[in-house]
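Working notes, structure below.
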Amino acid sequence: MTTIGKAIPRIESKDKVTGFAKYTNDMQSPGLLHGWLVTSPYSHARISSIDISKALEVSGVQTVITGDYFPVLTGGILADRPPLAIKKVRYFGEPIAIVVAETEQIAKRAAELIRAEFVQLPVVHSPSSALQPDAPLIHEDLGSYQTFGDVYPVPHTNIGNHVKIRKGDMQTGWATSEVVVEGTYAFNSSDHCAMEPRCSIVEAMPSGLIDIQTSTQDPYNIKRLFHRFFQVDESKVVVHVPFVGGGFGGKGSVQLEYIAYLASKACGGRPVKLNNTRESDMVSSPCHIGLEAKVKLGATRDGKLTVTEITLLFDTGGYTDEGAAVTQAAAVDCTGPYRIDHVWCDALCVYTNHPYATAYRGFGHTEVLFCMERTLDLLAKKLQMDPLELRLRNAIKPGDTSPTQAPLNRSNLGDLTQCIVKLKRLIQWDEGQRIALDRYKVRAKGLACVWKTSGSMADTGSGALITFNHDGTLNLSVGAVEIGQGNRTIMAQILAERMNMPVTQVHIKMDIDTQITPEHWKTVASSSTMLVGRAVLDAAVDAIAQLKQNASLVLKLAPEELEVGSGRVYVISNPTISMEIRELASGYMYPDGSATGEPVIGRGRYRIHQQTRLDPETGKGIPGPQWTVGAQAVEVEFDIRDCTYRVLKAASVFDAGKVINEATARGQVMGGMSMGLSFASREAFLYNNAGVVLNPQLRSYKLIRFGETPDYLVEFVETPYLDGPYGARGVGEHGTIGMAAALANALSVAAGVELNLLPLTPELIWRYKGDHP
């Protein structure tokens with residue numbers, strides 16, 4: 001292959017590093033108004049009144065709207081959230097009003113004049129407390145909410161979704177178990193901290209056209225949701241997405257778009273920009289889900305896993321949003337990448353009075369596999385077995401089935417054993433898991449195995465469109481959003497390889513315009529390369545067929561006798577006979593001015609066909625088309641005096657099917673590892689007794705920083721996924737998934753205590769060593 005697998009530089013990189021790239025907040029237009037959110041100071045309270053009179057007196061203020069302006073409940077699969085709070089607030093920072101003014105400064109000043117009266121209600125602080133018989137109900141009308149798809153709320157409780165996985169026979173599983181371990185795990189909700197805060201601009205035109213410019217991973221679903229909740233035709237909703245400055249799942253939800261739309265309507269259709277501050281982006285918009293969990297695991301004395309019982313209580317906050325889907329995603333892969341014949345998992349999406357949750361890199365897998373991989377290490381310790389050897393013995397293989405009883409083969413699964421073997425060498429595991437450096441410092445290693453299916457809706461698909469310039473170069477349009485992952489470069493490489501031409505001759509449209517850009521489901525689930533890549537290949541095949549047809553008319557040969565490559569259509573048996581693509585792309589014109597053939601437009605599409613819905617009682621079904629498996633490890637240097645530590649190395653080996661771009665794949669995994677280590681070592685919202693977030697800004701919410709990053713070691717295994725473009729499978733999220741477990745396993749070995757809470761701060765480790773976490 002001439003292009004696939006090569007480290008082609010990112011197509012948009014120069015525009016980004018020189019500041020020419022445009023993001024939503026860079027967009028300006030005549031008559032643009034600015035919004036400022038008024039948010040709740042309480043986590044659970046009834047709204048007695050909202051006095052907006054003083055705000056309306058401020059010069060430059062156009063309007064102030066509250067939830068009563070357009071009372072509607074929204075949600076992807078469970079409609080439980082109003083765009084602006086109605087009668088009640090359910091989390092600290094929930095928007096209760098928006099001030100719209102000529103400038104953002106005026107809107108902010110007017111917002112400070114709004115006076116809201118509340119009656120505070122009892123606060124639900126955790127999923128476990130939310131399930132107590134006397135717990136306050138956060139959604140009293142849960143049973144009447146609309147549902148859209150596979151979601152199972154439990155009326156008169158705080159359960160927004162209940163997912164069940166039932167595989168095998170538990171009585172048999174426990175009877176054959178000779179060793180049993182149990183562990184409980186927990187961590188608070190946290191934030192995505194994408195470099196670009198969320199921003200939306202909406203213009204509700206008098207003609208009925210709704211023009212939306214927004215930083216989103218989900219432009220096409222916005223059209224459907226506007227139709228669902230505002231009764232507007234999808235054809236009247238046009239969504240534009242420029243570059244997006246990171247998403248990590250957080251921009252797969254719809255929030256600011258709703259509010260800005262209502263604000264524009266209230267202002268006679270003038271465009272309204274709503275741009276989050278960092279603080280509002282962290283607590284008012286959706287966050288990373290929290291979790292409380294319990295895992296019980298059984299095995300034989302020689303380390304064969306036999307049975308597991310898993311309870312997952314996800315902290316979805318005040319509303320479900322994507323939390324309900326995250327709950328299902330965690331459940332379907334709950335065992336980790338191991339063969340376990342008897343599985344019982346209850347995954348609950350539980351309302352609390354915390355900021356509401358959405359997707360986060362790994363989509364439930366980062367969370368559930370932390371619990372499972374910690375339990376594997378507990379089992380290895382009880383068996384007195386090398387943790388790596390335990391994982392090798394139980395690695396999932398072709399012929400096994402997933403927790404949902406989906407059949408697995410070499411193509412849709414890959415080779416976990418090879419990943420573990422490579423990781424063993426990469427992290428130098430045989431040096432020893434714990435080495436004393438001196439009297440006070442030790443080095444320790446921990447590992448974790450991961451897997452994730454690229455789950456999606458059953459109607460998931462993608463499209464691609466190829467047109468030609470008169471110089472023979474190509475234009476490519478696809479619907480996946482460029483959120484920093486390098487998707488545009490990957491698509492250009494796939495097309496260039498199939499057309500057998502340099503990637504520099506492929507010009508790809510960077511932004512999204514839903515009126516003209518072929519639809520793509522969502523830019524989530526590490527699925528864009530697979531879905532859009534297949535559509536691009538399909539479009540290339542279509543374009544090649546048309547080019548051959550045009551050339552056959554001129555050369556008087558059958559299309560089957562021709563091939564396309566190097567910017568030409570040539571005769572297979574005699575490649576010296578050829579025509580340039582530029583001569584054929586618009587049809588062919590003879591010297592006398594007559595013409596033959598047709599303009600070439602390549603149209604491609606791809607849709608997933610293997611997926612099925614899950615049985616609500618057993619979870620049986622096929623949740624996704626393929627899995628990406630991998631093994632990850634961390635090496636730390638730990639000071640036993642004060643429990644401080646440094647992460648020295650972080651290693652990952654993933655079965656990528658086929659690496660399309662070596663540099664971007666490596667960069668994606670390294671970025672994911674950094675994000676996973678940051679989450680594991682320091683990230684979490686801190687709450688007081690009233691449910692108020694105490695660290696809603698980067699001054700107090702700590703991220704991993706330059707100088708704190710370890711040496712990143714990344715390698716790949718390539719077991720082709722037969723339905724993927726050139727055999728590729730997704731790796732975008734996977735670098736994040738195992739880092740928390742690997743770090744916790746390493747630090748547990750280093751400190752000599754079992755660390756089952758996150759984040760893994762020195763203080764937490766010190767408390768564990770003192771037996772009071």
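Every read-out reported here was derived from the displayed coordinates using simple, explicitly stated rules and does not represent laboratory data. Predicted model only: the values in this text are computed from it and were never measured. We place every Cβ from the backbone using ideal geometry, glycine too, and count neighbours over all the protein chains shown.
The Cα-based radius of gyration and maximum Cα-Cα distance (Dmax) for the stretch 611-725 are 19.4, 53 Å. Where in the chain is the longest stretch that carries no trypsin sites (Lys or Arg not before Pro) classed as loop by DSSP and with at most 13 other Cβ atoms within 10 Å? The longest uninterrupted stretch comes out as 88-300.
Quantify how much of the Cα-Cα distance distribution of the stretch 461-607 extends past 27 Å, in percent. That fraction is 24 percent. Taken about its Cα centre, the stretch 461-607 carries a charge dipole of about 360 debye when Lys and Arg each add +1 at the Cβ and Asp and Glu each add -1 at the Cβ.
If you take the square roots of the eigenvalues of the alpha-carbon gyration tensor of the stretch 439-486 and sort them as a ≥ b ≥ c, do you get rounded (a/c under 1.5), prolate (a/b over b/c) or oblate? It comes out oblate by the Cα gyration axes. Relative contact order for the chain: what percent, with Cα pairs under 8 Å and sequence separation of 6 or more? Relative contact order comes out at 15 percent.
Among HIS240, HIS354, HIS507, sorting on how many other beta-carbon atoms sit within 10 Å of each Cβ, with the fewest leading, yields HIS507, HIS240, HIS354. Using the Cβ of PHE654 as centre and a radius below 11 Å, the other residues enclosed give a net charge of -1, where K and R count +1 and D and E count -1.
Separation of the stretch 83-156 and the stretch 548-601, taken as the distance between their Cα centroids, equals 63 angstrom.
What does the charge add up to near LEU413, with Lys and Arg as +1, Asp and Glu as -1, over the other residues with Cβ less than 11 Å from its Cβ? Computed value for this residue: 0.
Semi-axes of the equivalent ellipsoid for the chain, computed as √(5λ) from the eigenvalues of its C-alpha gyration tensor and ordered from largest down, come to 42, 37, 23 Å. Annotation: lysines with alpha-carbon distance below 17 angstrom to LYS164 (same-chain offsets under eight excluded): LYS294, LYS296, LYS620. Excluding same-chain neighbours fewer than eight residues apart, the aspartates and glutamates reachable from LYS108 by a Cα-Cα span under 17 Å are ASP51, GLU57, GLU94, GLU279, ASP281. For the stretch 686-773, the set of chymotrypsin sites (Phe, Trp or Tyr not before Pro) satisfying both a DSSP loop assignment and a count of at most 14 other C-beta atoms within 10 Å is given as PHE706.
The ranking of SER13, SER284, SER43, SER578 by Cβ neighbour count inside 10 Å, starting from the fewest, reads SER13, SER578, SER284, SER43. Computed from the Cβ-Cβ distance with R0 of 35 Å, the FRET efficiency linking LEU209 to HIS609 stands at 0.50. Residues whose amide H comes within less than 5 Å of that of VAL38, counting only those at least five positions distant or on another chain, are ILE96, ALA97, ILE98, VAL99 (H built at 1.01 Å from N in the peptide plane).
Per-residue Cβ neighbour counts within 10 Å put GLU178, GLU733, GLU637 in the sequence GLU178, GLU637, GLU733, beginning with the fewest. Extension gain for MET589 to SER13 (0.36 nm times residue separation, less C-alpha to C-alpha distance): 203.5 nm. Could you tell me the center-to-center distance, by alpha carbons, between the stretch 465-509 and the stretch 289-320 in angstrom? Here the two parts' Cα centres lie 43 Å apart. Looking at the chain, do any whole DSSP H helices span at least 30 angstrom along their long axis by alpha carbon and average 0.5 or above on Kyte-Doolittle, and which? Those that clear 30 Å and a mean of 0.5 are 528-555. Where does the charge balance sit around MET675 when Lys and Arg score +1, Asp and Glu -1, over other residues with C-beta under 14 Å from its C-beta? Around MET675, the charge tally is -1.
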